[in-house]
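The values are calculated or read from the model by the stated rules, or taken from the named source; none is laboratory data. Nothing here was measured: the structure is a model prediction, and the numbers come from that model. In this analysis, Cβ positions are derived from the backbone assuming ideal geometry, glycine residues included, and neighbour counts consider all displayed protein chains. Quick note on the areas: whole protein, heavy atoms, side chains included, nothing else; ligands and nucleic acids left out. Shrake-Rupley method; radii C 1.70, N 1.55, O 1.52, S 1.80 Å.
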Amino acid sequence: MLRELGALTRREFLKIRRNPQALFTSLLLPLLYLLLFGQGFNINPAAALPPGTPPLVAHQVLLDYFRGAPNYYSYFAAGMVGFVAVTATLFIGANVIFDKLFGIFKRTRGTPAPSAAVFGSRLIAGSAQPIALAFFVLGLALLFAHIPGLSGLRVTAQVSALGVVEVFLAIVLLSLMFATLFLTFGILLDVPQTYFAAVNLLNLPVLLTSDALYPWGSMPVWLRTISQYNPVSLAVNVLRETFFGAGQYPFGPGVYLLGLLGWTAVLMGIAIFLVSRALRPLE
Amino acid sequence: MSSRIGGAIVAEDLVKVYNGKVRAVDGVSFNVSPGEVFGFLGPNGAGKTTTVSMLSAGLRPTSGRAMIDGLEVSKDALEVKRRIGVIFQESTADGDLTGRENLEVAAGTYGIPRGEGNRRAEALIHQMQLSDAADRFAKTYSGGMRRRLELAVGLVHRPKILFLDEPTLGLDPQGRAGFWSFIQKLKDETGLTVFVTTHYLDEADTMCDRIAIIDHGKIVATGSPNELKDKLGGDVVTLKTAEGAADMSAVLKPLAGVVSLQKQDGSYRVKCASGETLVPLAVEACARAGAGVTGVTVKRPSLDEVFLEYTGREFREEEGPSATDRAVMMQRVRGALGGRR
Ligand SMILES: Nc1ncnc2c1ncn2[C@@H]1O[C@H](COP(=O)(O)OP(=O)(O)OP(=O)(O)O)[C@@H](O)[C@H]1O
Ligand SMILES: [Mg+2]
């Protein structure tokens with residue numbers, strides 16, 4: 001099992017290395033968001049307050065609106081990390097479908113390699129990519145805060161070692177969860193168009209029902225309620241609590257991580273059930 | 001069909017119905033002995049690839065049973081996969097990987113340890129004469145190199161039984177000869193059993209110990225190439241007599257072994273059991289009757305004739321693209337994409 005997994009994982013990483021364009025493409029969108037959207041869309045609710053509002057009150061308004069973040073960009077940058085973890089997993093299923101079209105998957109299916117190795121190798125390589133990109137985006141947003149003239153992610157809380165671990169776990173779990181989901185789509189579907197239709201159909205509502213991009217203060221109550229269960233929100237909450245303090249959140253990061261783990265476990269369970277059927281030795 | 005126990009490949013009344021309506025394989029039975037090269041011939045869409053898929057644990061039969069090396073395929077699929085090598089009709093190598101990487105990954109998928117896998121890869125690269133191209137991306141390979149790489153990948157786990165689905169499709173004559181001499185050598189050295197489908201009948205004639213012809217999902221003839229040719233009624237001898245000679249029909253017809261006779265101008269087309277035996281008799285008989293024979297040709301029927309006899313001569317309109325068309329199309333797509341993804 002381990003040898004098969006090792007060989008197939010090596011193959012997946014070779015593929016990533018041979019196709020740097022794919023990595024670059026998945027980087028492009030978040031980069032545009034970070035560089036253009038985030039810089040241009042820097043809303044400030046305190047600006048609408050009547051003149052003479054005490055600075056402390058104005059500050060509180062800001063904190064309420066951005067759930068503890070000092071400005072929109074900081075709030076949004078944490079959301080972008082979640083966003084990229086989701087969008088960069090799109091390739092994972094598409095790659096399976098292309099491998100089917102090119103006969104490569106048939107070769108793998110012809111070998112006695114267990115389906116767990118086939119699934120696992122793609123999951124490892126396919127979630128490594130979004131994890132790496134999420135950290136890249138995080139690093140970039142932090143860097144921007146130190147470049148004059150640019151908005152960036154400003155960390156306003158004391159970040160502990162545990163906080164760093166929690167951020168790491170949130171990113172890993174979120175990437176793993178969506179990688180599992182999209183990989184399952186890729187294994188079950190045979191036509192690229194169907195795959196992309198399914199993924200887009202899912203992607204947009206997932207992102208738009210999360211609080212990754214909307215300022216918390218602008219969200220209607222019903223959307224806030226829905227967003228609490230959204231896995232992207234769960235991961236982003238962990239980031240925001242770590243970077244800006246947990247004062248505005250009903251639960252600590254541990255609870256959100258648990259929620260994320262629940263999502264991942266459920267999806268993994270469904271995936272294992274469906275994939276082990278789809279990849280049975282004899283179809 | 002006799003059901004010899006211990007056949008390397010046994011098909012028992014195999015049936016495959018696609019989507020509840022396309023009866024691609026319709027009750028196929030045969031038995032391939034260990035060490036035999038068994039040819040599976042048939043027109044496009046006859047059901048060859050479908051049969052190979054059922055035998056090689058790729059496709060579950062609708063009914064019937066497939067046995068490989070004494071194992072029932074539907075019950076022991078994984079173990080069957082360990083014992084067989086399959087060269088698919090279409091290319092399956094990964095264009096973004098080098099030939100060597102393709103082989104090393106393939107070895108790993110059979111659980112072969114890394115060091116051993118790398119050694120086997122190197123040996124196969126050498127045997128397949130891919131040394132110069134081993135570290136090039138497979139997408140840059142020519143059609144022939146691709147086929148050789150496919151074969152190498154199929155052999156990396158040292159299978160006892162090899163399935164070749166149109167292995168020489170698109171190869172030049174040297175490529176085909178080289179391919180078969182390698183298979184022959186492998187067979188002599190390791191006692192490999194080979195199940196091969198091909199459209200090149202000359203290849204089947206010289207390489208196969210036994211042949212089955214399948215058409216519309218049913219086996220229509222089985223036997224050694226010579227048996228099949230003999231069944232057609234033997235050889236065709238053409239005799240030419242000197243200009244102005246008398247009609248020899250009455251002289252030739254009663255000779256031993258003659259099946260039928262046609263006269264065209266000054267030449268006679270004689271179908272007979274054996275050309276070699278008839279020729280001296282015929283020449284002598286004509287000479288005695290006063291007509292000098294000025295030319296003789298003996299033609300053994302080729303497998304082409306056997307094939308056409310059993311599968312009909314009309315051109316088949318396929319519904320939808322055949323597997324061959326699909327393979328050729330995918331090669332074009334690959335070419336157009338430059339193997340890029
Ligand atoms: N997956 C499938 N679904 C439906 N029909 C199929 C499928 N695969 C093959 N067929 C049909 O089954 C029949 C047999 O196909 P098969 O590929 O076994 O033929 P073949 O003898 O290998 O042909 P070729 O010489 O073109 O490779 C054909 O009519 C084909 O259209
Ligand atoms: Mg075929």
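Taking the stretch A:152-197 only, how many residues are without any contact (Cβ under 8 Å) to a residue 60 or more places away in the chain and crowded, with 17+ Cβ neighbours inside 10 Å?
Number of matching residues: 1.
What residue, among those in the stretch B:152-161 that are in a helix (DSSP H, G or I) and within 25 Å of B:Thr50 (Cβ to Cβ), is nearest to ligand 2 (Cβ to nearest atom)?
This residue is B:Gly154.
Give me the residue from the stretch A:1-29 that is open to solvent by 70 Å² or more (accessible area, probe 1.4 Å) and in contact with a Lys or Arg (Cβ under 9 Å, 6 or more places away or on another chain) and, out of that set, farthest from A:Phe119 (Cα to Cα).
Within the stretch A:1-29, the match that is farthest from A:Phe119 (Cα to Cα) is A:Gln21.
Can you tell me which residue within the stretch A:65-109, out of those that are within 14 Å of chain B (Cβ to nearest Cβ) and aromatic (Phe, Trp, Tyr), is surrounded by the fewest Cβ atoms within 10 Å (Cβ to Cβ)?
Among those residues, the one meeting the criterion is A:Phe98.
Test each condition in (1) within 16 Å of ligand 2 (Cβ to nearest atom); (2) in contact (Cβ under 8 Å) with a residue 40 or more places away in the chain for B:Gly58 and report the one that comes out false.
(2)
For B:Ala250, all conditions in the list (1) within 30 Å of B:Asn226 (Cα to Cα); (2) without any contact (Cβ under 8 Å) to a residue 24 or more places away in the chain hold save one; what is the number of the exception?
Failing condition for B:Ala250: (1).
Considering only residues of the stretch B:17-52 that are within 14 Å of chain A (Cβ to nearest Cβ) and open to solvent by 30 Å² or more (accessible area, probe 1.4 Å), which is farthest from ligand 1 (Cβ to nearest atom)?
For the stretch B:17-52, the residue satisfying everything is B:Asn19.
Just give me the residues in the stretch B:105-123 being in contact (Cβ under 8 Å) with a residue 12 or more places away in the chain and aliphatic (A, V, I, L, M), in sequence order.
B:Ala106, B:Ala107, B:Ile112, B:Ala121
Given the conditions (1) of a type in the set (Lys, Arg); (2) within 16 Å of ligand 2 (Cβ to nearest atom); (3) more than 16 Å from B:Val196 (Cα to Cα), which single one is not true for B:Lys48?
Failed condition: (3).
For the stretch B:130-141, name all the residues that are assigned to a loop (DSSP other than H, G, I, E, B) and in contact (Cβ under 8 Å) with a residue 40 or more places away in the chain.
B:Tyr141, the sole residue that qualifies.
Taking B:Gly144 as the residue in question, decide whether it is open to solvent by less than 40 Å² (accessible area, probe 1.4 Å) and at pLDDT 95 or above.
no
Filter the stretch B:70-120 down to residues that are part of a loop (DSSP other than H, G, I, E, B), of a type in the set (D, E, K, R) and either more than 7 Å from every other protein chain (Cβ to nearest Cβ) or open to solvent by 30 Å² or more (accessible area, probe 1.4 Å) (or both), then give me how many there are.
Residues that pass the stated criteria total 3.
I'd like the full set of residues that are of a type in the set (A, V, I, L, M) and under 24 Å from the mean Cα position of the chain (by Cα), limited to the stretch A:95-115.
A:Val96, A:Ile97
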